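Participant: Let me begin by handing over the structure; questions about it come next.
The values are calculated or read from the model by the stated rules, or taken from the named source; none is laboratory data. Source: prediction; values computed, not measured. We place every Cβ from the backbone using ideal geometry, glycine too, and count neighbours over all the protein chains shown.
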Amino acid sequence: MAKPRKVIITCAVTGSIHTPSMSPYIPVTAQEIADAAIGAAEAGAAIVHLHARNPQDGRPDQTPEAFAPFLKVIKQRSNVVVNITTGGAPTMMVEERVKPAATFKPEVASLNMGTMNFGLYPMIPRYKGKFKHDWEEPYLEGSRKGMFKNTFADIEYILKTCSENNTRFEIECYDIGHLYTLKHFLDRGVIKAPLFVQSVFGILGGIGAHPEDVLMMKRTADRLLGPENYCWSVLGAGGNQMRVAAQAAAMGGNVRVGMEDSLWIGAGKLAESNAQQVTNVRNDSGRPGIQGPRAWPTMSTCSPVTGMARSILA
């Protein structure tokens, strides 16, 4: 039997993809987001990836004032690595999206590697007539005509703004072309190794979640970046979550789960908490090599990326 290897588990606790009517378990208020993040950390997540929502109706909210209450609670109650989104929501401009990370100077911030279609509208028929808030359906429908804008200038703006605060990046790559964009910035010295690359599978507008897609993203990243220069993590959207995690773990990668990426814990069964998904990805016998409870990485290339050298070397 292979010796267990330590894996970085990231938990994205609420996001901006799903709307409140889709699940009663989506964290919305600051207290709910804080509790969800802390619960995920206690279940074994090393990193929590954070968005904020309007507490009244659950819509995405990228104001620093929306982040401040739960960031304070998480810092007081947990040693988990905090990762603040700079993606926000596809409806937001980059200046709005970067404000929380610029304000709070987290160890990690997300960084999206390209403009893309980001199709949320196929979820509408499932919930038609069941939406609780008037913003939900138009928000999802807007993804049919809109786009998730991440130009070269946008990427440079986020890199410059956050790098000045010594923030490292979770670099989100939704397609092969995003890896080439990352290579471009690496070659220019705008971003430096070691890199923490999050490969995203199953979003409409990005690469699919077929096992061959996962393999191709890994092989391309190895060829372009050099395996010694980056730490690889994956997320699978929706029902792809656990299967993609299992494949990545078997390939030596790291994993991301959470209600931003999937509302489900099994076929047709809603996850009741983010911690439940973290526990599932740790304990499922189909996930070879995942070790907890705090799955800190052993690879030297990973520790400076996530700011976790403080825990590895303690």
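Participant: Taking the range 1-60, which residues are among the polar types (S, T, N, Q) and without any contact (Cβ under 8 Å) to a residue 40 or more places away in the chain? Step through it out loud before you land on a result.
Facilitator: Step one: of the range 1-60, the residues among the polar types (S, T, N, Q) are 10, 14, 16, 19, 21, 23, 29, 31, 54, 56.
Within the range 1-60, Thr29, Asn54, Gln56 meet the criteria.
Participant: Of all the residues that make up the range 222-233, how many are in contact with a Leu (Cβ under 8 Å, 6 or more places away or on another chain) and over 11 Å from Leu195 (Cα atoms)?
Facilitator: Our first condition is that a residue be in contact with a Leu (Cβ under 8 Å, 6 or more places away or on another chain); within the range 222-233, this holds for 224-225, 229-231.
Narrowing further to those that are over 11 Å from Leu195 (Cα atoms): 224.
Residues meeting the conditions: 1.
Participant: Moving on. Any idea which of (1) surrounded by fewer than 16 Cβ atoms within 10 Å (Cβ to Cβ); (2) closer than 10 Å to Thr19 by Cβ; (3) acidic (Asp, Glu) is the one Glu137 doesn't satisfy?
Facilitator: All conditions pass for Glu137, except number (1).
Participant: Now for a different question. Looking only at the range 127-144, how many residues end up being touching a residue at least 24 places away in the same chain (Cβ under 8 Å) and either under 19 Å from Val94 (Cβ atoms) or of a type outside the set (Asp, Glu) (or both)?
Facilitator: Pass one, the range 127-144, residues touching a residue at least 24 places away in the same chain (Cβ under 8 Å): 127, 130-133, 135-136, 139-140, 142-144.
Okay, now just the ones that are also either under 19 Å from Val94 (Cβ atoms) or of a type outside the set (Asp, Glu) (or both), so 127, 130-133, 135, 139-140, 142-144.
So the count comes out to 11.
Participant: Here is a follow-up. Just to be sure, is Pro64 in contact (Cβ under 8 Å) with a residue 12 or more places away in the chain, in contact with a helix residue (DSSP H, G or I) (Cβ under 8 Å, 6 or more places away or on another chain) and not charged (D, E, K, R)? So that I can check it myself, show each step before the final result.
Facilitator: Values: in contact (Cβ under 8 Å) with a residue 12 or more places away in the chain: yes; in contact with a helix residue (DSSP H, G or I) (Cβ under 8 Å, 6 or more places away or on another chain): yes; not charged (D, E, K, R): yes.
Yes; evaluated as a whole, the condition is true for this residue.
Participant: Taking only the range 107-126 into account, find how many residues are in contact (Cβ under 8 Å) with a residue 60 or more places away in the chain, outside any strand (DSSP E or B) and polar (S, T, N, Q).
Facilitator: 1
Participant: Quick one: is Val94 surrounded by 17 or more Cβ atoms within 10 Å (Cβ to Cβ) and either of a type in the set (D, E, K, R) or closer than 14 Å to Asp154 by Cα (or both)?
Facilitator: On the way: surrounded by 17 or more Cβ atoms within 10 Å (Cβ to Cβ): yes; either of a type in the set (D, E, K, R) or closer than 14 Å to Asp154 by Cα (or both): yes.
Answer is yes for this residue.
Participant: Would you mind stating whether Tyr180 is surrounded by fewer than 18 Cβ atoms within 10 Å (Cβ to Cβ), of a type outside the set (Gly, Ala, Ser), over 19 Å from the mean Cα position of the chain (by Cα) and part of a helix (DSSP H, G or I)?
Facilitator: Yes, satisfied.
Participant: Among Lys72, Lys105, which is the only one that is modelled with pLDDT of 95 or more, over 26 Å from Lys183 (Cα atoms), of a type in the set (Lys, Arg) and surrounded by fewer than 22 Cβ atoms within 10 Å (Cβ to Cβ)? So that I can check it myself, show each step before the final result.
Facilitator: Values: Lys105 fails: over 26 Å from Lys183 (Cα atoms).
Unique residue meeting the criteria: Lys72.
Participant: Another question, if that's okay. For the range 172-195, enumerate the residues that are closer than 16 Å to Lys160 by Cα and among the basic types (Lys, Arg).
Facilitator: Residues satisfying the conditions are Arg188, Lys192.
Participant: Does the range 41-64 contain any residue that is within 19 Å of Glu164 (Cβ to Cβ) and not acidic (Asp, Glu)?
Facilitator: yes
Participant: Report yes if Val94 is within 16 Å of the chain's Cα centre (by Cα) and β-branched (Val, Ile, Thr), otherwise no. Show your work before the answer.
Facilitator: On the way: within 16 Å of the chain's Cα centre (by Cα): no; β-branched (Val, Ile, Thr): yes.
Against the criterion (within 16 Å of the chain's Cα centre (by Cα) and β-branched (Val, Ile, Thr)), Val94 does not qualify.
Participant: Next question. Is there any pair with a first residue in the range 194-205 that is at negative phi and a second that is among the small types (Gly, Ala, Ser) and assigned to a loop (DSSP other than H, G, I, E, B) whose Cβ atoms are under 6 Å apart and which are 6 or more apart or on different chains, and what are they?
Facilitator: Phe201/Ala209; Ile203/Ala237
Participant: Scan the range 145-167 for residues that are in contact (Cβ under 8 Å) with a residue 40 or more places away in the chain, hydroxyl-bearing (Ser, Thr, Tyr) and in a helix (DSSP H, G or I) and jot them down.
Facilitator: Within the range 145-167, Tyr157, Thr161 meet the criteria.
Participant: While we're looking at this one, here's another question. Could you please give the count of residues in the range 183-195 that are assigned to a strand (DSSP E or B) and among the charged types (D, E, K, R)?
Facilitator: First, pick out the residues of the range 183-195 that are assigned to a strand (DSSP E or B): 195.
Narrowing the set further to residues that are among the charged types (D, E, K, R) leaves none.
Counting residues in the range 183-195 that are assigned to a strand (DSSP E or B) and among the charged types (D, E, K, R) gives 0.
Participant: Looking at the range 211-236, which of the residues that are touching a residue at least 60 places away in the same chain (Cβ under 8 Å) and under 17 Å from the mean Cα position of the chain (by Cα) is nearest to Ile8 (Cα to Cα)? Explain how you work it out, then say what you get.
Facilitator: Quick first cut of the range 211-236, residues touching a residue at least 60 places away in the same chain (Cβ under 8 Å) only: 228-231, 233, 235.
In the following step, the residues that additionally are under 17 Å from the mean Cα position of the chain (by Cα) were identified as 230-231, 233, 235.
Working: Tyr230: 13, Cys231: 10, Ser233: 8, Leu235: 12 Å.
Per the criteria, the residue is Ser233.
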